[in-house]
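The values are calculated or read from the model by the stated rules, or taken from the named source; none is laboratory data. Everything numeric in this text was worked out from a predicted model, so none of it was measured. When we count neighbours, we look across all protein chains shown, and the Cβ atoms used for this are built from the backbone with ideal geometry, even at glycine. All accessible areas refer to the heavy atoms of the entire protein, side chains included, with ligands and DNA or RNA removed. Shrake-Rupley method; radii C 1.70, N 1.55, O 1.52, S 1.80 Å.
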Amino acid sequence: MDMVAIGRVVLTSREHIIALSRWTTGDGDLLRYPYEVRDEKEYFDEIQDVKSPRTARLGEAYRHQKTAEFEPEKF
């Protein structure tokens, strides 16, 4: 079924809302109330937008070097 269970859990003396679905392997996704979500500009506004071909090639090479098949038995 394409359903999600919603529940409450207490972590560090505070109640949180959690979502459990068949796609999680026993782990839950902690949900946030709107007042807990901050604007991304607070974090990313100061990061410059770099459009250098050299930087793009470097990033692509790094991604290619670090990409591998997922092996769940390692975890």
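Among the residues of the stretch 5-48, those that are at pLDDT 85 or above, among the basic types (Lys, Arg) and in contact with a strand residue (DSSP E or B) (Cβ under 9 Å, 6 or more places away or on another chain) comprise 8, 32. Answer with yes or no whether residue 2 is in contact with a strand residue (DSSP E or B) (Cβ under 9 Å, 6 or more places away or on another chain), assigned to a loop (DSSP other than H, G, I, E, B) and open to solvent by 80 Å² or more (accessible area, probe 1.4 Å). Taking the combined requirement at face value, the residue satisfies it. Within the stretch 47-62, the residues that satisfy the criterion of being assigned to a helix (DSSP H, G or I) and open to solvent by less than 100 Å² (accessible area, probe 1.4 Å) are 53, 55, 56, 59, 60, 61. A search for C-beta distances below 9 Å between a residue of the stretch 33-59 that is of a type outside the set (Phe, Trp, Tyr) and any residue that is part of a helix (DSSP H, G or I) and open to solvent by 100 Å² or more (accessible area, probe 1.4 Å), counting only pairs 6+ apart in sequence or on different chains, returns 52/58.
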